[in-house]
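Written below as structure tokens is the structure these notes are about.
The values are calculated or read from the model by the stated rules, or taken from the named source; none is laboratory data. This structure is a prediction, so every number in the text was calculated from the model and none was measured. Please note: Cβ atoms are built from the backbone with ideal geometry, for glycine as well, and neighbour counts cover all protein chains shown. What goes into the accessible areas is simple: the full protein's heavy atoms, side chains included, and nothing from ligands, DNA or RNA. Shrake-Rupley method; radii C 1.70, N 1.55, O 1.52, S 1.80 Å.
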Amino acid sequence: MSFFTAENLSIQFGGVKAVTNVSFEVERGEVFTIIGPNGAGKTTIFNLISLIYPPTSGRILFEGQEITGLAPHRVANLGIARTFQNIELFEHATVLQNLLIGRHTHRTTALWQELLFLPPVRRAEIAHREAAEKVIDFLDLQHYRDSFVAGLPYGVRKVVELARALTTGPKLQLLDEPSSGLNPEESDDMAFWIEDLKKDLGITVLMVEHDMSLVSRVSDRVLALNQGEMLALGTSREVQSDPRVIEAYLGKQE
Amino acid sequence: MRFYFKTDYAQDVRLFQDGVQVFWYVALAAALLALPVLLPEYLIGQMVFILIYCIIGAGMMLLIGYTGQISLGHAAFLAVGAYTEALLQARGVPFAVSLSAAALLSGVAGFIIGMPALRLKGIYLAIATMAFGFIVEEVITRWEHVTGGNSGKQLKQIDFFGIAIDNDARFYYLCLGLVAVIFLGMINLMRSPTGRAFVAIRDSEISAQSMGIHLARYKTISFAISAALTGVAGALYAHKVQFISPEQFNLLVSIEMATLVFIGGLGSFHGAVFGAAFIIALPQVIVFMKDYLPTAIAQQTGLQPTIFGLILIAFLIFEPLGIYGRWVKIRTYFSLFPFYRGGMFRRQKAYMKSDRLK
Amino acid sequence: MAQFLQLALSGIAIGCVYALVALGFVLIYKATETVNFAQGDVMMLGGFFAYTATALMGWPYWAGIVFALAVMAIFGMAAERIVLRPVLGQAQFTVVMVTIGVGYVMRGVVTMTPGWGTDTYKIATPFAEKVVNIGGAAISLEQLMIIVMTAALCAVLFAFFRFTRIGIAMQATSQNQLAAYYMGIPVARVNTLIWGISAAVATFAGILLAPITFVHANMGFIGLKAFPAAVVGGFGSIPGAIVGGLIIGLVESFSGFYLPEGFKDIAAYIVVLLVLMFKPSGLFGEKLRKKV
Ligand SMILES: Nc1ncnc2c1ncn2[C@@H]1O[C@H](COP(=O)(O)OP(=O)(O)OP(=O)(O)O)[C@@H](O)[C@H]1O
Ligand SMILES: [Mg+2]
């Protein structure tokens, strides 16, 4: 039984075949990257995993359990967290509050207890803060802890989004273009963190990325997509030298 | 501006940040308790209305300001609370029980309406709640043998565990106690997982969902709590005015309840209080102003809606954070004096978030 | 049968009015994603201008219509420039609250205007109290004219959006503002114009409605029924607004006759709740999903 399996996934929006017959497996503890030109269907695969859309056909299994067909909010409970290509943070809340929302799946208290803020709620709140603080330390966000997200620079927001996802305590982390919009320095930090996710935290990473140097640096395996279809699957080097992949990116070479 | 140095997490979880804040809240409580001695009877009566509107404001703030769900039909819950109270009191049910029943019944009504309605977003939700409001208004007009139809229902004074609430000062203390309990509960809720889930839904449904938040469940909870609070306010309101009839719960009342939070300041319970005070004080101020205006203008019934509309528009354009936002700025100005610089609160240019698929 | 025909016709006539107000909503919604809660009040103000031109200044009916349309188109454009442009891009409901504020001001100012006030007025029409006989049913010419004039206006609008440069630019803008902007369409100016057109359409509705309900300061509340109409048709669809308006008008007319008293006033709202529950995208609406 593999850790994560996508089986013959397809989805169509009206006439657009966004994803067609895509199958792949992700092993526990690896960094698996999906690449492909714009509109290849990479984000759509993430949306299928998040159960935002039901697939037209195919299924998704996580730790041996089929997740397609579950209610979308259940995905987080299973231990799958994601970031979004166009940052989706809780803008009018502080960084800390954003991370605390990430602790939602660890909620232990009932509504009536919360209304009275009874001791169990206080204890749980302190525990949530400790967990959030660990992630803040890990990603060097101390400086921004109490800032409102809406005012933060793009690069920081990107890190906050990763932090929020990590606070959920995921087993599988989906990253949609983690380095897009970052400067080389921030991008380098991101690469380090992705490596640490895998090495130190033991989190499996499924990532979409355009920056090929980052991809080669952190990925164990790479899947190339074009127009919703699988082109090649293998190590970063194998995929990059595959003639069909080169053709998809550069057009047909005569 | 004071800086809070945090040394441990318990500090974050505390109700008040520091001694200074405790001092001001104690002072406020003392002033509120002394008010009936200081103010004439008429103004105490107005204070009662403000307190009742504070409860409405807390409910609307929870729903609109914190959960980001609009309602233009909340007068219906006010009606459910008011009529429940009227009917139960007429049957001799004690006040504590009838008030709880008013809260419960409106909460359940909110829950039932909320479930289907909250699959809807933005303008659709506004229209659905508005439609619900119209239907409830019509039902209480037509269901004459229960509600008395257009001839309305009379209420007697409250008997609160043997104490007759027979003057405005007593009514004021009763409302003040309820407001304190309700606001404490709401503030507790907002510093707990449920409250944070509301904020998450307000700011991004899609990522709230990816954090494991069951959107429909939390929206429904928010709607139900807000309806229950409105029901409590309705019961108190019914006693305050002593006579209820369908037109006291029409669309304009629902709209007024929603504007309360926009004028007070979205996303803070302070805003709910400021909004409540504004809604009650404005007509009084206008009446007062009339003595100084030329009679040709002062006699006009259109004066009040015009001024109300203009103030609403002005706030939305110039001070989107409402009265509370203004207050924070003024407070910061004085605490930093003379170091305040212009542009300190310059508005963050928000990205235009379209509901459409581009 | 005659009874049925009469009910259907009066339903369609009032439905035309709802349709036109709904059309005004939809035009603005398509262009700016704003829902104008003051649309009913715009209709009311338009009615007052038509009344002023015909009754107070003694102009002929048709000249009064043209006058009211022109004044209100300018009013619509001015409202967009002065109060709506500053809040463009803010949360959808903030903008809606602004339009609610505008509605309050309009109602207040109308009742304070000398010669208007809180009274009820009549606009004299050339077809008042004339009756035609169709299939044994006595149909008032006024109702018939509402239908004819609505159809005429729709034809004019259709031609405008289909064949004029500016109309095509408006269509492009409503489909994708950013792309339209890149194509060199002056999006801001187009939006202003849309508000003008929308106000004129609402005014037309007010003038058509005047013989039925008369002109008064609270006439705008009738415009609220246009919300159900727009939703039933599918918010954001122009043909949907027309069909939705007719459906609401018919439902109202028939429920007033066949159902117990009280249903007539809320029939529209029951229908809209049912539609929202079972087919939230309405008859012609597209399903909206946010892209991430
Ligand atoms: N909700 C939707 N409705 C209609 N079409 C969609 C939807 N989501 C995605 N598509 C279409 O599916 C295709 C794949 O889109 P997707 O966002 O997955 O691309 P991508 O590989 O992530 O590209 P990029 O590198 O630009 O992020 C595109 O043609 C897109 O227009
Ligand atoms: Mg993408």
Using beta carbons and a limit of 6 Å, which pairs, at least six apart or on different chains, have the first residue in the range C:75-103 and at the interface with another protein chain (Cβ under 9 Å from one of its Cβ atoms) and the second one among the charged types (D, E, K, R)?
C:103/C:41
For the range B:203-232, give me each residue that is open to solvent by 10 Å² or more (accessible area, probe 1.4 Å) and of a type in the set (A, V, I, L, M).
B:206, B:215, B:216, B:221, B:224, B:225, B:228, B:229, B:232
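Can you name the residue in the range A:172-224 that is within 16 Å of ligand 1 (Cβ to nearest atom) and open to solvent by 60 Å² or more (accessible area, probe 1.4 Å) and is also farthest from residue A:32 (Cα to Cα) among such residues?
Of the residues in the range A:172-224, the ones within 16 Å of ligand 1 (Cβ to nearest atom) are A:174-182, A:206-212, A:214-215, A:222-224.
Within this subset, residues satisfying the condition of being open to solvent by 60 Å² or more (accessible area, probe 1.4 Å) are A:181, A:210.
Details: A:181: 21, A:210: 13 Å.
Here the residue is A:181.
Does the range A:120-134 include one or more residues that are away from every other protein chain (no Cβ under 14 Å) and assigned to a helix (DSSP H, G or I)? Give the steps one after another, and end with the answer.
Start the filter on the range A:120-134 by keeping residues that are away from every other protein chain (no Cβ under 14 Å), which leaves none.
No, the range A:120-134 contains no residue that is away from every other protein chain (no Cβ under 14 Å) and assigned to a helix (DSSP H, G or I).
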Positions within the range B:220-250 being farther than 19 Å from residue B:176 by Cα, hydrophobic (A, V, I, L, M, F, W, C) and part of a helix (DSSP H, G or I), in sequence order
B:221, B:223, B:224, B:225, B:227, B:249
For the range A:1-56, give me each residue that is more than 14 Å from ligand 2 (Cβ to nearest atom), closer than 17 Å to residue A:170 by Cβ and in a loop (DSSP other than H, G, I, E, B).
A:3, A:27, A:28, A:29, A:30, A:51
Where residue A:72 falls short, out of the listed (1) assigned to a strand (DSSP E or B); (2) more than 10 Å from ligand 1 (Cβ to nearest atom)
(1)
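On the basis of being more than 8 Å from ligand 1 (Cβ to nearest atom) and open to solvent by less than 10 Å² (accessible area, probe 1.4 Å), does residue A:31 make the cut? It would help to see each step written out before you state the result.
On the way: more than 8 Å from ligand 1 (Cβ to nearest atom): yes; open to solvent by less than 10 Å² (accessible area, probe 1.4 Å): yes.
Against the criterion (more than 8 Å from ligand 1 (Cβ to nearest atom) and open to solvent by less than 10 Å² (accessible area, probe 1.4 Å)), residue A:31 qualifies.
Being aliphatic (A, V, I, L, M) and more than 20 Å from the chain's Cα centre (by Cα), is that true of even one residue in the range A:143-164?
If we filter the range A:143-164 for residues that are aliphatic (A, V, I, L, M), which is where we start, we get A:149-150, A:152, A:156, A:159-160, A:162-163.
With more than 20 Å from the chain's Cα centre (by Cα) added as a condition, the list becomes A:150, A:152.
Yes: the range A:143-164 contains one or more residues that are aliphatic (A, V, I, L, M) and more than 20 Å from the chain's Cα centre (by Cα).
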Odd one out for residue A:43 among (1) away from ligand 1 (no atom under 16 Å from the Cβ); (2) in contact (Cβ under 8 Å) with a residue 24 or more places away in the chain; (3) more than 7 Å from chain B (Cβ to nearest Cβ)
(1)
Subset of the range B:1-24 that is surrounded by 12 or more Cβ atoms within 10 Å (Cβ to Cβ) and away from chain A (no Cβ under 14 Å) - its residue that is modelled with the lowest pLDDT
B:18
